[in-house]
1. Has the range 31-54 got any residue that is in a helix (DSSP H, G or I), surrounded by 14 or more Cβ atoms within 10 Å (Cβ to Cβ), among the hydrophobic types (A, V, I, L, M, F, W, C) and touching a strand residue (DSSP E or B) at 6+ places or on another chain (Cβ under 9 Å)?
2. Looking at (1) of a type outside the set (S, T, N, Q); (2) exposed (fewer than 14 other Cβ atoms within 10 Å of the Cβ); (3) without any contact (Cβ under 8 Å) to a residue 24 or more places away in the chain, which one does Leu123 not meet, given that it meets all the others?
3. Just to be sure before I move on: is Leu123 in contact with an Asp or Glu (Cβ under 6 Å, 6 or more places away or on another chain) and outside the structural domain of Gln223 (by TED's automatic domain parsing) in the structure I sent?
4. Of all residues in the range 303-322, count the ones that are closer than 30 Å to Pro124 by Cβ and either of a type in the set (A, V, I, L, M) or touching a strand residue (DSSP E or B) at 6+ places or on another chain (Cβ under 9 Å) (or both).
5. List, please: which pairs have Cβ atoms under 7 Å, are six or more places apart or on different chains, and start with a residue in the range 92-105 that is without any contact (Cβ under 8 Å) to a residue 24 or more places away in the chain and end with one that is assigned to a loop (DSSP other than H, G, I, E, B)?
6. Go through the residues of the range 324-336 one by one and say whether even a single one is crowded, with 17+ Cβ neighbours inside 10 Å and polar (S, T, N, Q).
7. How many residues are within 21 Å of Thr104 (Cβ to Cβ), of a type in the set (S, T, N, Q) and at pLDDT 90 or above if we restrict to the range 26-53?
8. Given the criteria over 22 Å from Phe16 (Cα atoms) and outside the structural domain of Gly354 (by TED's automatic domain parsing), does Ala150 qualify?
Amino acid sequence: MQDYSELRCLFADGTFGRALFRSCDELLRELASDSSEPSRALDHQLLQAATAQSDPTPLLALRCRVSHPFEAWLRGTYGKYREAYGLDLLTMASYALDDTGSLTLRTGPETTAPFVYAEIASLPKGLISPFSAEVIRTYDPQKCGLPHWARLKLQCHNDLKAYFREHGLLLISDWALLADSSAKRVRQSWDFLGVGGLTADAAVALHAAYKPLYRQAMQAYRQATGKASGWQPDAPFLQALAPEQPEARTMEQLEAIAAAIRRLQSGRWQQSSAIDQELADQVAAPQPESDLADDPAELRALIVQALQRAMDAHMPDVISAEGRQRDLLRCLWAGWAEGMSNRPLAERCGTSCGTVSKKLRPTEHATTIATAAALELKRQPAFASCGQSVEAAERLVDALRNHLLEPEREGEVAPLRRWIQQYLSNP
């Protein structure tokens, strides 16, 4: 049964491949001589064997097993969304197919341990690498089969979701997105990107009423259907949520709030890779009604100060991880600040190109910084028009993001790279 002896993986050179393990074939002949197909019962038998003994083979067979649904889901998602969102399959694979079948597990910068169940179960809570080990150590056979569990865990992979967001893709329904959003996020997204007659206070209030009703509705839906997805608000739900207005109006408002959150989180405006001079000019152009109309230097100072405050607030937590990740992150960010690309960075820091892509994500961080700066700037009279439509808000964030990532003149250092150089140079 190849599902248990063939490991689907992404090799260090960035290519897909497979690794075959005869030891797994021999173990399967002992455990399931009468079976020729993978099954939930065999998964459970292998899991019991992995937890009961120090032999790494049962766990290796399970690692092979989960690699197949990983690859199938990644290829299916890539095929569905690649054209609309510009996804890269190899980058996607680096988040899940990072298991090469090694029988040792790295537990620190210079320490390893046998790759057995007792070792992965003893590691502190939090995402561990390879991802197959994280899936197996958290697997609950009472809830579902192992392949389905693997797909669910992959869909919840925070770094993979961040990669999708960086390309404008959010794989979540409007209703789950609303339930997962905080009041602060609702207010921020509505203030900046909301479209409709609601005030920000009204949007926050509607969202606050929605969350407890959603939890109750989802609990009833799961009990009735056995499913965790597919729920839609019905007329009784909408009436209970806002009895003072028609259900159709409440539905429109919920969809508008979700759309604002989705636009703010996804950053669809990030997709241009170079500074658009027309957008940059628009950000730098004083508004006629502003007191700053005759002072471009003061206007520029507002922009620089807003971006500096946003970088100071966001980037230290990004760079200053604790534990064994700290040295790797500082090495990667230092190289990026110097202008290095992924492959030279991977070689310098002793890691893979996929890890570089996962750990850095400069475009995503630049968008977060630009969004925070834009929210501050639009409170200034000179930028008031940028808060009057979604398109104007997007153009403002786009231009600020590009300013962070691209030097103004040839030979200069881009502001975000310069900030990182200064931060890392401090003791």
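The values are calculated or read from the model by the stated rules, or taken from the named source; none is laboratory data. Computed from a prediction, not measured in an experiment: that's the story for all the values here. Cβ: placed from backbone, ideal geometry, glycine included. Neighbour counts: every protein chain shown.
1. Within the range 31-54, none of the residues are in a helix (DSSP H, G or I), surrounded by 14 or more Cβ atoms within 10 Å (Cβ to Cβ), among the hydrophobic types (A, V, I, L, M, F, W, C) and touching a strand residue (DSSP E or B) at 6+ places or on another chain (Cβ under 9 Å).
2. Checking Leu123 against (1) of a type outside the set (S, T, N, Q); (2) exposed (fewer than 14 other Cβ atoms within 10 Å of the Cβ); (3) without any contact (Cβ under 8 Å) to a residue 24 or more places away in the chain, the one that fails is (2).
3. No.
4. Final tally of qualifying residues: 5.
5. Close Cβ pairs satisfying both conditions: Ser102/Phe115; Thr104/Phe115.
6. No: zero hits.
7. 1
8. no
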